[in-house]
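The values are calculated or read from the model by the stated rules, or taken from the named source; none is laboratory data. Since this is a predicted model, take the numbers as computed values, not measurements. Cβ coordinates were reconstructed from backbone atoms using ideal geometry, including for glycine residues, and neighbour counts include every protein chain displayed. For accessibility, only protein heavy atoms count, side chains too; no ligands or nucleic acids. Shrake-Rupley method; radii C 1.70, N 1.55, O 1.52, S 1.80 Å.
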Amino acid sequence: MHVATAIRYGAYAFVTRDRRILNKHAAVAEAFNGFRIWSPEEAVAYAFKRISKSRQLHRMEPERGTLPEWPPAAEPESPPPVESEQTGDR
């Protein structure tokens, strides 16, 4: 139900630890125009990747203005390790 609601209201992705839902990510992406289902670790990695790319763009085009300090520019490109136990959420 939660995934369907996210799709209905135009979300880009759904984050869960529920292994049953995570296992269906490819079928959902194919059926719903690339909709993504991520584990929390995948979502954080995606956020860090997007932030890193934004920082690169702003270095090349400083007229775009400043970016927030989170995460600090000194942070590694990959997210910090997060406990990866995959259990079913309710």
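Brief remarks on what is shown
- Condition check for PRO71 on (1) at pLDDT 85 or above; (2) over 18 Å from THR5 (Cα atoms): one failure, at (1).
- Selection count, segment 39-60, where residues are at pLDDT 95 or above, in contact with a helix residue (DSSP H, G or I) (Cβ under 7 Å, 6 or more places away or on another chain) and not hydroxyl-bearing (Ser, Thr, Tyr): 0
- Residue in segment 29-44 that is part of a loop (DSSP other than H, G, I, E, B), in contact (Cβ under 8 Å) with a residue 24 or more places away in the chain and open to solvent by 50 Å² or more (accessible area, probe 1.4 Å) present: yes
- Pair list, Cβ < 6 Å and 6+ apart or interchain, from segment 1-23 residues that are under 18 Å from ALA47 (Cα atoms) to residues that are charged (D, E, K, R) and at pLDDT 95 or above: ALA13/ARG36
- Scan of segment 12-23 for residues that are out of contact with any Leu (no Cβ under 9 Å at 6 or more places or on another chain) and surrounded by 14 or more Cβ atoms within 10 Å (Cβ to Cβ), ordered by number: ALA13, PHE14, VAL15, ARG17, ASP18, ILE21, LEU22
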